[in-house]
Amino acid sequence: MDEVSMNDAIRKVVMPKWGLSMTSGKITEWIVAEGEEVSDGDDLAEIDTDKIAGTLESADAGVLRRVVADVNEDVPVGATIALIAPADVPDSEIEEAARLAREELESGAVEEAAGPVTGTVTVDGRSLAYATLGDGAEVVVLVHGYGGDKNSWLFVQEPLADGRTVHALDLPGHGESAKDVGDGSLDTLAGAVLGFLEQRGIERAHLVGHSLGGAVVTAAAVADPARVASLTLVAPAGVGPDVNAEYLRGFAEATSRRELKPHLGALFADPAQVTRQLADDLMKYKRLDGVDKALRTLLGTLLDGDAPALDVVPLLAKAELPVTVVWGSDDAVLPVSNARSLPDPDAVHVVEGAGHMVHMEKPNALVAVVSEKRR
């Protein structure tokens, strides 16, 4: 939120930039009404993007004094959608700030919020793409799961970047990284993460990994513990006996949006989150040269028949660093019951109403957990 020049106590709530391609969003519901008090981290509004819906949190405490943008109004990234201020700020000042914000919105002369800065590094002859947000001394690296990419962190990278530097990495075979995955082994993928840290000059980082990425960051932490400050594992692969092999094979083998979309429903507690745009984007990725081979190679890393091929529990037992696990209660890909195999199953944060994509369905829960990882 930016300061309004008329009174520094008035704070703007702006349309966030969730992901590299987002240019606008649509408010589908105001969770907080005008006149209600809010705290830092409270849910303010539901926002729909061209890919998926998300919840906007407040970054300030005070009173929601004015709603500037209407429900179902298409709002460019960076535009003011509401004003938060203490109750003692005069109404006249709030009205003037709201008038200026509304004029800016209607004129279209909105300064777009800065999004992540993208770049590439070369590790073991492979180009790895990444997106960086923030410039704090504390470093967080986000590592996606099978078939995902750096944009899957669109709802958590921005809030985590408050006071931190947050990198979202494309693993080999994914996103904009090289599609060569070599033997596809956990060691190869972990080497890519550690190579990224070395190439970027990052001495120590908090690693956050989802699904396959959870297994990858665990292997990376054991291979080079001096570089890893903590691990946050989100529905990690390689933990427990159960895996939805049908989903993994269906994702790898789908050759059209119609074939793919039913499988994507397994990712979310609410299948309505699977939009046509999300399925289309994934099909564009799957049709890139080298992706089919990469996904099939990595499928062999994940599955042994219909059972998991990975077991990172012994690695976690060796990891002498803080480890936190976050799991959706309704995960249909890697069920939360797998958490019983962890060295400390009672330390798992179970997020109610979330499926496999916890960081997309309930991002605030993950942000809160990672934010506690300060050493």
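Tabulated data for the structure shown
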| item | result |
| --- | --- |
| Computed lengthening from Ala368 to Ile31, 0.36 nm per intervening residue step minus Cα-Cα distance | 119.4 nm |
| DSSP beta bridge pairing in the chain, given as percent antiparallel to the nearest 5 | 60 |
| Inter-label distance for Leu100 and Asp304, nm, one decimal - labels placed 7 Å from Cα along Cα-to-Cβ | 6.5 |
| DSSP beta bridges in the range 104-252 [antiparallel fraction, %, rounded to 5] | 40 |
| Rg [Å, one decimal], Dmax [Å, integer] - the range 82-220, C-alpha atoms | 19.8, 66 |
| Computed log₁₀ I(q)/I(0) - Debye formula, equal Cα scatterers, no solvent, the range 170-257, q 0.15, 0.16, 0.21 Å⁻¹ | -0.62, -0.70, -1.09 |
| Accessible carbon and sulfur surface of the chain relative to its total accessible area, %, 1.4 Å | 45 |
| Potential extension, Asn72-Asp91 segment - 0.36 nm per residue separation minus Cα distance | 4.2 nm |
| Distance between modelled label sites at Gln277 and Val117, nm, 7 Å Cα→Cβ extension | 2.7 |
| Charged-residue dipole, Cβ positions (Lys, Arg, Asp, Glu), the chain about Cα centre, Debye nearest 20 | 1560 |
| Most mobile listed residue (Asp270, Asp289, Asp50) in the chain, GNM with C-alpha springs under 10 Å | Asp289 |
| Exceeding the 27 Å Cα-Cα cut-off - candidates Lys318/Lys362; Lys286/Lys318; Lys261/Lys362; Lys179/Lys362; Lys293/Lys318 | Lys318/Lys362; Lys286/Lys318; Lys179/Lys362; Lys293/Lys318 |
| Cα convex hull of the chain, projected area averaged across orientations, nm² | 18.0 |
| Rounded Å value of the spacing that divides the Cα centres of the range 184-231 and the range 9-79 | 34 |
| Taking N as its residue count, the alpha carbon Rg of the range 103-155 over 2.2 N^0.38 Å | 1.59 |
| Extension gain, Glu203 back to His349 (0.36 nm per residue minus Cα-Cα distance, nm) | 49.7 nm |
| Percentage, to the nearest whole number, of Cα pairs in the range 240-375 over 25 Å apart | 35 |
| Cβ-based charge dipole, the range 203-307, positive-most Cα from Val274, Tyr247, Gly305 | Val274 |
| Accessible area expressed per residue, the range 216-333, with surrounding protein chains retained (probe 1.4 Å, Å²) | 43 |
| Ranked by how many other beta carbons lie within 10 Å on average, peptides 209-218, 193-202, 97-106 from highest | 209-218, 193-202, 97-106 |
| Per residue solvent-accessible surface (Å²) - the range 35-184, probe of 1.4 Å | 39 |
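The values are calculated or read from the model by the stated rules, or taken from the named source; none is laboratory data. Remember, predicted model here, so these are calculated numbers, not experimental data. Every residue, glycine as well, gets a Cβ built from its backbone with ideal geometry; the counts of neighbours run over all protein chains shown. Surface areas here come from the heavy atoms of the whole protein model, side chains and all, with no ligands, DNA or RNA. Shrake-Rupley method; radii C 1.70, N 1.55, O 1.52, S 1.80 Å.
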